[in-house]
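Please treat every number below as a calculation from the coordinates, not as lab data. Quantities reported herein were computed from a predicted structural model and do not represent experimental measurements. Note that each Cβ is placed from the backbone with ideal geometry, even for glycine, and that neighbours are counted across all protein chains shown.
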């Protein structure tokens, strides 16, 4: 969240978009601390990703591959923030996984041209860290997930791949990808392992917003010549 405020852009529209996003984040996270299921939290969550998308659009003057796939990922994330609230039980959770799976696939598509710069390629032993995170999450959730275990594994594989590939974009993107892993792990551990953290919703949303913000800032900071054509 705070990372995007540091983007040095001349455009007044970009500054306005960043300010709107930071203000929405502050309002939403504050409501998560006070009343996680309250009206303010419900109303502000669907506005977060469109506001972040606006910061990306106004802070970049190119529409290359990386920018466009990132916008697709933010759109899918918006669906994940919005659709599950209209459903209950397993359908709500499956819609959450489905939408964010699309987001991870979009990020993977955007990050793919930078795969040779990714940490697991440059330093193969680091791949063990991402693998350990995936195996650990599945092990914790296996018993409680039941019939949802397969979708959880598929999503976890793509989430881990996204996090690993994000390191090829930049260090900031890699940190964002790693934080995304933490955020989604908090959701899975609560849903399937009955692990309840104090202010869980606040921590889930704060890590989610930090992850998305860092990825977007990294995309903004890539030179235009490196963002690639759409494809």
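For the reader, a short list of remarks on this structure follows.
- C-alpha center-to-center spacing [segment 188-212, segment 90-114] in angstrom: 18
- Per-residue extension of 0.36 nm, minus the Cα-Cα distance of residue 143 and residue 83, leaves a gain of 18.9 nm for this segment.
- Residue exposure sequence - 44, 171 - by fewest surrounding Cβ within 10 Å: 171, 44
- Estimated at 0.36 nm per residue, the fully extended path between residue 121 and residue 171 surpasses their Cα-Cα distance by 16.6 nm.
- Largest GNM mean-square fluctuation across 174, 64, 80, computed for the chain with C-alpha springs under 10 Å, falls on 64.
- Model label sites at residue 199 and residue 35, defined 7 Å from Cα along the beta-carbon direction, differ in position by 1.9 nm.
- Segment 119-178 versus segment 35-82: alpha-carbon centroid distance in Å: 22
- Neighbour-count order for 199, 107, 208, fewest beta carbons within 10 angstrom listed first: 199, 208, 107
- Per-residue ellipticity at 222 nm from helix content only, as computed over the chain with -39500 (n - 2.57) for each DSSP H run of at least four residues, stands at -25500 deg cm²/dmol.
- With contacts taken as Cα pairs under 8 Å at a separation of at least 6 residues, the chain carries a relative contact order of 24 percent.
- Computed extension gain for residue 62 through residue 16, at 0.36 nm per residue and net of the alpha carbon distance, reaches 14.7 nm.
- Going from the fewest other Cβ atoms within 10 Å to the most, the residues 97, 83 appear in the order 83, 97.
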